[in-house]
Structures are given as structure tokens and as C-alpha cells.
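Everything below concerns the one structure shown next.
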Amino acid sequence: MSVWRGLVRRPVAMVGLVVAFAFVVVAIAAPLIAPYSPQEQFFDGLTLEGAPLPPNERFLLGTDLLGRDLLSRMIYGARTSLIVGLFANGIALLAGTLIGLTAGFLRGFVRSILMRATDLMMAFPALILAITIAALVGPRLEIVIYVIALVNTGPVARVVYAETTSLAEREFIAAERAIGAGTARILFRHILPHLLPILIVWGTLGISTTVLFEAILSYLGVGVRPPEPSWGNIVFDGQSYFQTAPWLVFFPGFAVALLALSVNLVGDALRDLLDPTLRGRH
Amino acid sequence: MAVSASAHPTPLLKLDGLRVAFATPTGPATIVDGLSFILGAGETLCIAGESGSGKSVTALSLMGLLPKPGGRVTAGSAMFLGRDLFKLGEREMQEIRGDDIAMIFQEPMTSLNPVLSIGTQMTEGLRRHKGLGEREAETRAIAVLDSVRIPEARRRMKQFPHELSGGMRQRVMIAMAMSCDPKVLIADEPTTALDVTIQAQILELMSDLQKQTGMAIILITHDMGVVAEMADRVIVMRHGKVVEQGAVKSLFTAPQADYTRALLAAVPKFANGKNAPGETPRPEPILSVRDLIVRFDVKGGFFHRTKQRVHAVEKISFDLAPGETLALVGESGCGKSTTARAIMHLSPFAGSVKVAGKETAGLTGEALRALRRDVQMIFQDPHASLDPRMSVGDLVGEPLVIHGLANGKELADRVADLFERVGLKPDHMTRFPHEFSGGQRQRICIARALGLNPRIIIADECVSALDVSIQAQILALLKKLRAELGLSYLFISHDMAVVEQISHRVAVMYLGQIVETGPTKEVLGNPQHPYTQKLLAAVPIPDPARRGLARRRLEGEVPSPFRPANYVPQYLNYRDLGGGHLVATQ
């Protein structure tokens, strides 16, 4: 529990934690919090010329091109974005770590197969891959998650692989072998903990790229289907009206940035707190 | 040797009240506190001390190379040719660095730029400081390389650092430092990373160059043998403060400070086998190695074919009796560590390794795990051989957990016992490796090895990374454990004085084979093989009165064990001198 105590003692990390937690609460309790339905188009949601309304008393963050309440759409959109961010990232980290660890430690034939496969995946343009898969299976939220996970697995595997090969050469690994430690023990008890800092950095940075990637997929029509909102498709729908209705891009963009920042702050603190070699040095 | 050990050398560099502080999270820490000395032309001043004494920081501050930000000279002056070095700006220091004051670093491997040719690196300083043209600089560089006795100097200019051996690289470093005729040469542990025979060559080279040019040398070292060999005057430092300073003879014959006395007492003295423990009775061997061969393929090229092969160990055989210590000695690349790794099954090998009569070659899985209980290993660098992310209690308990020997309360008790056995406090179990000193960490490694009640411990250079006073303590601990538990040690070392203290028998390795083996008293007292003789002659003696005695002109380098893929090794034949003393015949 010393990690929790360490977090409490770092105000910046605590702010990050509270903000990130708030996002999760908002997403879960969306029907209770959102002032309107995300789909409802209001008559008074557009000007007489048919332009969206800027933030006002009735629509706190303004309205979108179809006269829907932006705040409500963002609150519901948080669900999609968080689910995609969490799962796509989680799967990519898990798969990438397993591939990288195995390839880095076992060497030989297994390594060649695994690493060539990741190279192939990384060489294939991510968007075309995504569009092909989505076109074959049909646009669904799970597909978006799998596609993003697939695209992100390669880089994670590469980084983990590089780190594992250098860790495997370290003398303490030879020392572990000498006392009779098996491969599983060496991999999961002695190498994996050393990968934590990298994984945390990748995981936190991945949140923002994942949310944006989902937005691109949605924009191309292979992601989340309208009228279902996500932060990504709100930005993309509004981007051509950036000059006349900047709030359409600004608020969802800000939400993405704020989420990424808060997760980053927590991740940073965790990385330090989980490193025993920094104990007593901060 | 140095020209003048005279009492009144012409002052060249006058350091007065140097204080250096480093910024730490808990506030500034004083690393050097009030160091003063006067360095005369042609004089060799040794700054000796153990790790953390501030000796290297002193050198860096004189060069204006303290790590930034963090390190800062907070007080003192260094008058050099009428100027205070500490008051000069970066640009003015650049003029002095490499020209009037030059420096040699410890690690010749990392202090040369790997992507620039030797010629480029050699001429850089000459063109910068002396304003020589390309042609002139090259001519001068070749002359300097000649003067540090690098054969075929002209060809070397086009070579890159990785094409040269460690000793050659250190010569190049010295040549670079010497190229602009410095008035002061600062050498920070210049021979610590080198083998003894190479060390002797480099030290001799430095004093010869000093005789020719009359430069002053500041030699920073932890090795009292090197101090005795080189110094005119000595400053002994500890925790940033000067403990004692004086002429080398009086310091060694009548040390004033307690610390100096303790330091000198801790230095293992090599006495040509006279200090060696006698032989132990030799019943059935506990470890028996026959025709051990370890080769590594060096692959390369487009098709990943074997281009070269490293013949690391070529058919070596030896026995280790219960309670006995056998030392494997030799210089880097001779195959002694590879032998250890093969016995531990950390490297693939051919041949036979029997432990307590049972063949271990070809064992895998559970059978191999059982072997590990009987044979344990202690590595050279205790810092590198402990997982930094595990608490030391978990680390020491880990072998017991892996082998299913204890858990829960019993595990905690046994770990506490092991801690006490090696002289550590059991309350420190929850700490992490970085919170301990080097010596304590090596104790942790020993505790970890002892957990399985092994019968053999392989100690691979297990004291060479430690300060002498700590080294003495660890050796005493190893002797105590040997007596209490009847352990056998396979003790791998390059340090003859340490080997003499602890081992009953010695095997000298050269290029993957044993050239001489026998009781320690015999091999060290009456060495027969030319390589053994050369190795023993190179050992620096911590006694200035016997300076140069050890130093015969040693030439040549250990040849590389890299061979073409189709190489067929030649095996040595042995002559028996009686009493188990075997020598390879030519």
C-alpha cells in the first residue's frame, strides 16, 4: 500500500488521478449526468440561418451542426472513447509484451518468426489494414478496438523485444539461472518488472493516440457509426466549421488532451513509485 | 623512474584548499574537502584512496570537467603558470586542456571515439592546439605513437579503436595525451582495467616518457602496488579529506595515520608462494572436469555462416577435492570465466563435468536443477548480479523458494540465519540492493549462494571489484565459511596476491588451456612455464624499496582466441615435476 501512500503525497499525481477518475464516472453515469439525449435535435439548437449555437445558458457547450447538445454528446462520447482507449491499449500492451518477451528471451527460430511477423504488420499501412478489416467484418465497436490493438501491438513488441534482449544479457539473469530459476520465473519475476517503466509510458501515451485513431476510423466510416457519438467523430464532424464554430473542435479536443494529460501524470508517478531503486531518493 | 624526488621541485601547479560540492536531492554534499598540494615539474604525485574518497573528482575539477549541473568547485585555487584554473572560463580551459594539462582515463574502451580513426583522433589536438597542418600533424602523431611503442604506427593511424587490443588502446590514449607535450599529465586509474602484464608495460612507459619530457604526473589509483611503483609523493584521501601526505618511502615504511596503516595492512602481499596455505588431503574429488571444451561461433555475412570461432576453452581437466580451493588464474580472454560458466551450465560445452561422481554433461530440467544445489556461483560484480528490483531478503530467499526447501515463517528464519552467517543485519532484509555498499552486496551474494547448502562455490573474480579493505574482509569470510562448512572453492582471479592467500592449488590458464598447475606454494614459488613466470613478474609490489625489481621489460600482448572456422587446435603435453606440479612442455 506504500504506492497508494506515495501517490497521496504527490499532489500533481493526485490531481491526475482525480481527473481520470472523474472521466470514468462521467462515462459510466452518462444517462444521469447528461442534460439531454445525445441524439435529440433541438429546434432552438440552431440559429435561424441554420448555424450551430455557441455556448449559452441552455446549451452549456453550445450545439453541433444538427442542433444537438454538444455537452450531452461529449458525455456519451466519453463512453466510446474510454472503452476504445482502455481495451485497445490494454490488448496491444498485453500482446506486444508477450511477443516481445518471448522473442527477446528465446531467440533462435521463435524470435525470427515473431519479429518478422511484427515487421510485416508494421510495414503494412495502418489505415489500409483497418479499412480492409472493417470492410470485411462491418463497422462495429469491437472491430475498432481489435484493429487499433493490432496496429499498436507491433511497436510495443519491438520496444519490449529490444529491452528484453539487453536485460537477458545482464549478469543478474545469469545469477538467477545459477540458482536454478526456470524460464518462466526469470521472465515474469525478473525481466517483466524492469519493463514496467516502458509499459507505463507506452500505455499512457497510447491513450491519446488511440482516441485519435478511433476518430480517424470513425471519420472514414469504418469506426463508430453515427449518430452514436465519440470524441473522435465529434471533432471530425465539426472540423470544417472550425472558423465559424470553433467550440465544436475545441471542447472535444480539450477533453482528449485533458484525459491524456491526467493519465500521463498518474503514469509518471507510478513509474517512479514502482521503482525500488529510487526509494528514499525523492 | 621520475627524475627528481627532490625536496624542492619547481612548483608547477599549486592547489590550495580545494572544496568540491555536488548537488543532491538532500542538499549539497561536499565530495572533496580542503585538498592542497604543490606539484613540481618532473614529479609524480599519487592520489590514493578507496572508492568515494574524492580522488577522481579532484582530477575532474582540475580539468574543469566536473559533471554539470551538479558538481561545483566551492572554494580553493589552482595556480598553474600564473593563472587560477578555477577562475578561467570554458574557452580558456579548452586552450589548456589537452595542451598544457592532459588526462588519461580509466577505460580505454570507452574513452576513444569508436567511429573515428586513430589518426583523426590523434591529430585533432595537434591541429587545434599547435596549429599544425594536416601533413605536419600526421608526422608528429606517428612520432608520438612510435614513442609509446606502438608497432607499425603508420598503419595504426588508419585503424579504428575496435581493431586494437585494450593495452594498445591505452597506449593510444597516452599518445594522445602526450602529443602536445603537456606539462602535467593526469592519469585516473590508467591501468585498472588492464591485465597485470599490460599494466606493468604501461606503467614503465609512463615513467620513461616522464624521464624524456620532464612532465609532472598526477596518478590517481586505488592500488598501493601501483603507488609504490610510481610515486615520488603520495596523498592518501578518505571521504574527501586528506588523511596523510608525504614522500613515498616514508609513507610505506612509517605511515602516520591509522587509516594509512589499515590500508597498507589490507593490501594482499604477494610473497612468491610463501604465504600460501598448505595442501589439504585429497580424497575423492567433489568436482572433476575432463577435456572441457567451449567454443563460440562468430557468425557473419549475408548467409549468417560461421566465419570465425572463439576457442575459449580447449580441453582442460582438473579435480577439486572437498574443502580444497583451486584457483584458476590468467589474463582476460584466457577462458577462466568461461570455464566457470560451463561448469554452471550457463554456456554449452563438450567434455565431462562430474560433481560428486555424477556426470552433469547433458543434464536438463529437474536433474540440472538438482545439480545447482551442489554448485553455486558468486559473480564479479555484486551490483550487476542482484536484481535491483527485488528486496535483498527476497533475493536471498529465492533459491530456497525455487528448490521448494522452505516457505513462510521457516523461510524468513532461514534467510535471517544466512544474513547473520555472512555478517549482515537481518533487519536489513526489506531493503534493496542499491541501499548497500559494494562489500555488503557481495555478502548478500554469498548468503544467496549458501542458502542451498552447496558443496562447491565458484567465485568468479568475486573480490576484484572491491576496495582493498573490503576485499580483505570478504576473503576472511570465505576462509571462515570454508572451515565451518567444508566448502570447496573454484576461485577465479587475475590477482596473484589474493590467489596466494586463499588457494591450496593453482591452475594457470593461457589461451584456453592450462599451462601449469600444482600446489600454490610450488607454482608461485617455483614457476616453470615462461607464461607463469611472466605473469608473476608483472605483479606490482607494494614496497617502494623494491621498485623496479618486478619490472622486467615485458613485451607483447596475449594473442586473440579468435580463429578461422576451420582451425584445428594444438593441445599441450605436460611434464610432471612431482607433487602434482604439472607444466606444459613446449
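Please treat every number below as a calculation from the coordinates, not as lab data. Here the structure is a predicted model, which is why all the values come from computation and not from measurement. Glycine also receives a Cβ, built like all others from the backbone with ideal geometry; neighbour counts cover every protein chain displayed.
Of note:
- Here chain A is treated with +1 on each Lys and Arg Cβ and -1 on each Asp and Glu Cβ, and its dipole about the Cα centre works out to around 1160 debye.
- In the protein assembly as shown, a dipole from Cβ-located charges (positive for Lys and Arg, negative for Asp and Glu) runs towards its positive end, and of A:Leu86, B:Ala262, B:Met103 it is B:Ala262 whose Cα lies farthest in that direction.
- Once divided by 2.2 N^0.38 Å, the Cα radius of gyration of the stretch B:240-392 becomes 1.48.
- A Förster distance of 30 Å, applied to the separation of the beta-carbon atoms of A:Arg58 and A:Thr209, puts the FRET efficiency at 0.30.
- Helical contribution to [θ] at 222 nm, DSSP H n ≥ 4, -39,500 (n - 2.57), averaged over chain A, rounded to 500: -23000 deg cm²/dmol
- Helix B:392-402 and the longest principal axis of the C-alpha atoms of chain B enclose an angle of approximately 30°.
- Placing dummy labels 7 Å off each Cα toward the beta-carbon, the span from A:Glu171 to A:Val19 is 4.4 nm.
- Cut-off under 5 Å, modelled amide H: who pairs with B:Ile217 long-range: B:Glu43, B:Thr44, B:Leu45, B:Leu185
- 3J(HN,Hα) from dihedral phi, the stretch A:87-98, Karplus parametrisation 6.51/-1.76/1.60, rounded to Hz, x for glycine, proline: 6, 4, 5, x, 5, 4, 5, 4, 5, x, 5, 4
- Debye log10 I(q)/I(0) for the stretch B:379-441, one point scatterer per Cα, at q = 0.22, 0.27 Å⁻¹: -0.92, -1.26
- Other protein chain Cβ atoms within 10 Å, averaged over every residue that makes up B:384-392: 6
- Anisotropy class of the stretch A:124-258 from Cα gyration tensor, a/c 1.5 cut: prolate
- Positive-end ranking of A:Gly221, A:Ile131, A:Val110 along the dipole of chain A, with charges on Cβ about the Cα centre, is headed by A:Val110.
- Only the Cβ atoms of Lys and Arg (+1) and of Asp and Glu (-1) were treated as charged; on that basis the dipole of the stretch A:4-82 about its Cα centre amounts to roughly 720 debye.
- Most to least packed among B:174-183, A:93-102, B:564-573, B:147-156 [average Cβ atoms within 10 Å]: B:174-183, A:93-102, B:147-156, B:564-573
- Distance-filtered residues of the stretch A:153-181 - backbone nitrogen under 14 Å, label point 7 angstrom along B:Phe562 Cα→Cβ: none
- FRET efficiency, 1/(1 + (r/R0)^6) with R0 30 Å, evaluated for B:Asp427 and B:Leu485 via beta carbons: 0.75
- 10 Å binning of all Cα-Cα separations within the stretch A:160-201, expressed as whole percents from 0 upward: 29, 57, 13, 1
- Under 17 Å from the Cα of B:Lys315 - lysines, other chains or at least 8 residues apart: B:Lys336, B:Lys354
- With the biggest extent put first, the Cα atoms of the protein assembly as shown measure 106, 73, 56 Å across the principal axes.
- Cross-link partners of B:Lys55 among lysines (Cα-Cα below 28 Å; sequence separation of 8 or more within a chain): B:Lys14, B:Lys68, B:Lys87, B:Lys183, B:Lys211, B:Lys241, B:Lys249, B:Lys269
- Across all Cα atoms of the stretch A:13-139, the radius of gyration (one decimal) and Dmax (whole number) stand at 21.9, 70 Å.
- Here the dipole of chain B is about 580 debye; that uses its Cα centre as origin and unit charges on the Cβ of Lys and Arg (positive) and Asp and Glu (negative).
- Amide H contacts of B:Val243: B:Val236, B:Met237, B:Arg238, each under 5 Å away and 5 or more positions distant or on a separate chain (H built 1.01 Å from N in the peptide plane; Pro and chain starts excluded).
- A simple spin-label model places the labels of B:Ala350 and B:Thr306 0.8 nm from each other, with each point 7 Å out along Cα-to-Cβ.
- Per-residue HN-Hα couplings for the stretch B:514-521 [Karplus 6.51, -1.76, 1.60; θ = phi - 60°; Hz; x = Gly/Pro]: 8, 9, 7, 8, x, x, 3, 4
- Taking 20 Å as the straight-line reach from the Cα of B:Lys409, the aspartates and glutamates in range (excluding those fewer than 8 positions away in the same chain) are B:Asp394, B:Glu398, B:Asp417, B:Glu420, B:Asp427.
- Virtual spin-label span in nm between A:Leu274 and A:Met122, 7 Å along Cα→Cβ: 2.2 nm
- Listed residue (B:Leu116, B:Ile343, B:Ile47) projecting farthest to the positive dipole end of chain B, Cβ model: B:Leu116
- The stretch B:25-126 - percent relative contact order, Cα under 8 Å, separation 6 or more: 17 percent
- Nearest-0.05 FRET efficiency for A:Ile131 and A:Gln39, computed from C-beta distance (R0 25 Å): 0.40
- For the stretch B:70-145 and the stretch A:213-232, distance of Cα centres in Å: 61 Å
- Over every Cα atom in chain A, the radius of gyration and the widest Cα-Cα span, Dmax, amount to 22.2, 80 Å.
- Label point at B:Thr280 placed 7 Å out along Cα→Cβ; residues across the stretch B:511-528 whose backbone nitrogen lies under 18 Å: B:518-522
- Projected onto its three principal axes, the C-alpha set of the stretch B:95-236 covers 43, 30, 22 Å, listed from the longest axis down.
- Over chain B: helical MRE at 222 nm, DSSP H runs n ≥ 4 each giving -39500 (n - 2.57), nearest 500: -10000 deg cm²/dmol
- Shape of the stretch B:23-118, Cα gyration tensor, a/c cut at 1.5: rounded
- Kirkwood hydrodynamic radius of the stretch B:432-511, from inverse mean 1/r over distinct Cα pairs, in Å: 13.4 Å
- Remark on B:Ala75: its backbone amide H falls under 5 Å from those of B:Arg19, a criterion applied only to residues 5 or more positions apart or on other chains, H modelled at 1.01 Å from N.
- Residues in the stretch B:414-456 that a label on B:Leu363 would reach, taking backbone N under 18 Å of a point 7 Å out along Cα→Cβ: B:449-456
- Stretch in chain A that is longest and holds no GluC sites (Glu not before Pro) that DSSP places in a loop and that have at most 10 other beta carbons within 10 Å: A:170-282
- One quarter of the surface of the convex hull around the alpha-carbon atoms of chain B equals 29.2 nm², the direction-averaged projected area.
- Karplus-derived HN-Hα couplings along the stretch B:213-221 (A = 6.51, B = -1.76, C = 1.60, θ = phi - 60°), whole Hz, x at Gly and Pro: 9, x, 6, 9, 10, 9, 10, 9, 7
- Taking the DSSP bridge list for the protein assembly as shown and keeping only pairs wholly inside it, about 60 percent are antiparallel.
- Percentage, to the nearest whole number, of Cα pairs in the stretch A:64-174 over 19 Å apart: 57 percent
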